[in-house]
Every structure is written in C-alpha cells, then in structure tokens.
Amino acid sequence: MSTIMTPEELKARKRRNVWIAVAVGAFVLLVFAITLAKLQAGVLERPL
C-alpha cells in the first residue's frame with residue numbers, strides 16, 4: 001500500500017531534506033566549536 005508522489009512532492013521532500021541536513025550540520029559545527037573553545041580555556045589555565 002504505497003502512495004505515488006507527484007514530482008512537486010518529491011521536489012519539496014528533497015528540498016526539505018537538504019535543509020534538515022544543513023541544520024544538523026550547523027548544530028554539529030556549533031557543538032564542535034564550543035567544545036574547542038572550552039578545551040582552549042582549560043589549556044590556558046593550567047600551570048606550565
């Protein structure tokens with residue numbers, strides 16, 4: 001029992017999936033940048 005999608009629906013689905021991928025990628029980069037910033041702060045505070 002599968003539904004047939006129109007070309008417009010397929011195009012909309014692909015566009016939506018691309019934006020979801022961009023959002024997930026941006027979130028991963030944000031977490032990575034925050035982690036690096038916190039690690040750098042810890043490195044600067046330790047004694048030599």
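No lab work stands behind these numbers, since they all come straight from the coordinates. Just so we're clear, the structure is a prediction, and the values are computed from it rather than from any experiment.
Segment residue 43..residue 3, full-extension length gain: 8.8 nm, with 0.36 nm per residue of separation and the alpha-carbon distance subtracted.
Which of [x] 46, 27, 11; [y] 32, 19, 13; [z] 66, 20, 8 is the computed Cα extents along the principal axes in Å for the structure on display? Derived directly from the coordinates: [z]. Relative to the longest principal axis of the chain, what angle (0 to 90°, nearest 10) does the C-alpha long axis of helix 7-45 take? Computed tilt is about 10 degrees.
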